[in-house]
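Engineer: Take a look at the following structure, please.
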Amino acid sequence: MADLQVVPWILAIPVKRTAIAKSRLAAAYPQHRPELARAFAVDTTAAALASGLVRAVLVVTDDPVVAADVTAIGAVVVPDVPGADLNAALRHGAARAAERFPGHGVAALSADLPALRPAELTAVLAACTAARSFVIDEPGTGTTMLAAAPGVALDPRFGVGSALAHQASGAIPIDLTGIDSVRRDVDTAADLAHAVQLGVGPATADVMSLVLGSAIGSEGLAC
Ligand SMILES: Nc1nc2c(ncn2[C@@H]2O[C@H](COP(=O)(O)OP(=O)(O)OP(=O)(O)O)[C@@H](O)[C@H]2O)c(=O)[nH]1
Ligand SMILES: C=C(OP(=O)(O)O)C(=O)O
């Protein structure tokens, strides 16, 4: 029997400049917040590149350090044009992805998934059979991934309450168990503690080692 033709996906991962990113971690991690934001993006990108259903990863960022790190592991960097906000950056990334990789679906993946497991991402992408599909985040109100089939506009509506916004726009929520690492975005210190329990990637683990080794009492594994 002939193998089923599986068309891999192009992922667009948006990364805010780390000097201003992850502000909700500032109180718990005043010294290491930018490094954590960088590490989350590197671990997310590395896990995405390791998925068997990912053909290429486009990282949409103006951060030079993140750009160098993700280029070194095989991602393509796209500038944060027009420099307006997350959804504008994703529309730009999706357009560049469609130009460069015609015939592929494009999925926007949040860069704050430091526990991301390639096999869980692969299971999610395999389940993205609708025109547009999305993954609801661990808290249940946001979105960690939005996927558009080949030729379909991504139409991203990330932001507060994006799960409802994506559903209202016609996207179908992915209803899978066993995808905790795809749902676990890290916005707060408690989120980071949960991600560490799930098992974070090496870049984030390195920064957490620095955190634990730095002045006792100023930063730590908040829960
Ligand atoms: N390229 C790009 N990425 C963005 C932008 N805003 C947010 N992101 C990314 O979108 C994803 C989700 O963003 P948030 O969780 O709101 O991240 P954040 O804005 O750094 O976090 P807070 O400061 O805590 O709100 C992360 O991967 C961010 O790096 C933007 O304007 N441009
Ligand atoms: C932008 C979003 O993420 P966060 O809740 O992490 O800000 C979102 O869920 O649409």
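Engineer: How long are the semi-axes of the ellipsoid equivalent to the chain, from square roots of 5 times the Cα gyration tensor eigenvalues, in whole Å, largest first?
Structural biologist: The equivalent ellipsoid of the chain has semi-axes of 28, 18, 17 Å.
Engineer: Taking the 0 to 90 degree range and rounding to the nearest ten, how far is the long axis of helix 202-213 tilted relative to the main principal axis of the chain, both from C-alpha atoms?
Structural biologist: For helix 202-213, the angle is close to 10 degrees.
Engineer: Can you tell me which of 78-84, 110-116 comes out highest on packing, and rank the rest after it, using the mean Cβ neighbours within 10 Å?
Structural biologist: 110-116, 78-84
Engineer: Classify segment 53-145 as rounded, prolate or oblate from the Cα gyration tensor: take a ≥ b ≥ c as the square roots of its eigenvalues, call it rounded if a/c is under 1.5, otherwise prolate when a/b beats b/c and oblate if not.
Structural biologist: Verdict is rounded for segment 53-145.
Engineer: Right, next: Where the centroid of each part is defined by its Cα atoms, how far is segment 25-55 from segment 81-154 in Å?
Structural biologist: 16
Engineer: Also, quick follow-up: Please list 3J(HN,Hα) in residue order for segment 99-115, calculated via the Karplus relation 6.51 cos²θ - 1.76 cosθ + 1.60 where θ = phi - 60°; whole Hz, with x for glycine and proline.
Structural biologist: 5, 7, 10, x, x, 9, x, 10, 10, 8, 10, 4, 8, 10, 10, x, 9
Engineer: Quick check: residue separation of Arg55 and Ala190 times 0.36 nm, minus the Cα distance between them. What number comes out in nm?
Structural biologist: 45.3 nm
Engineer: For the chain, find the longest principal axis of its Cα atoms and tell me its angle to the long axis of helix 118-127, 0 to 90°, nearest 10.
Structural biologist: Relative to the chain, helix 118-127 is tipped by roughly 30 degrees.
Engineer: Per DSSP helix of 4 or more residues, -39500 (n - 2.57); summed, then divided by the residues of the chain. What does that give at 222 nm, rounded to the nearest 500?
Structural biologist: It comes out at -11000 deg cm²/dmol, rounded to the nearest 500.
Engineer: I've got another one for you. If you line up the long axis of helix 33-49 against the longest principal axis of the chain, both from Cα atoms, how many degrees apart are they, to the nearest 10?
Structural biologist: The two axes meet at around 30 degrees.
Engineer: Another one. Taking the highest mean first, how do the peptides 170-179, 187-196 order by number of other beta carbon atoms within 10 angstrom per residue?
Structural biologist: Output ranking for 170-179, 187-196: 187-196, 170-179.
Throughout, read-outs are computed from the coordinates displayed, never taken from laboratory work. Being a predicted model, the structure only gives us computed values, none of them experimental. Here Cβ is always computed from backbone atoms with ideal geometry, including for glycine, and neighbour counts include all displayed protein chains.
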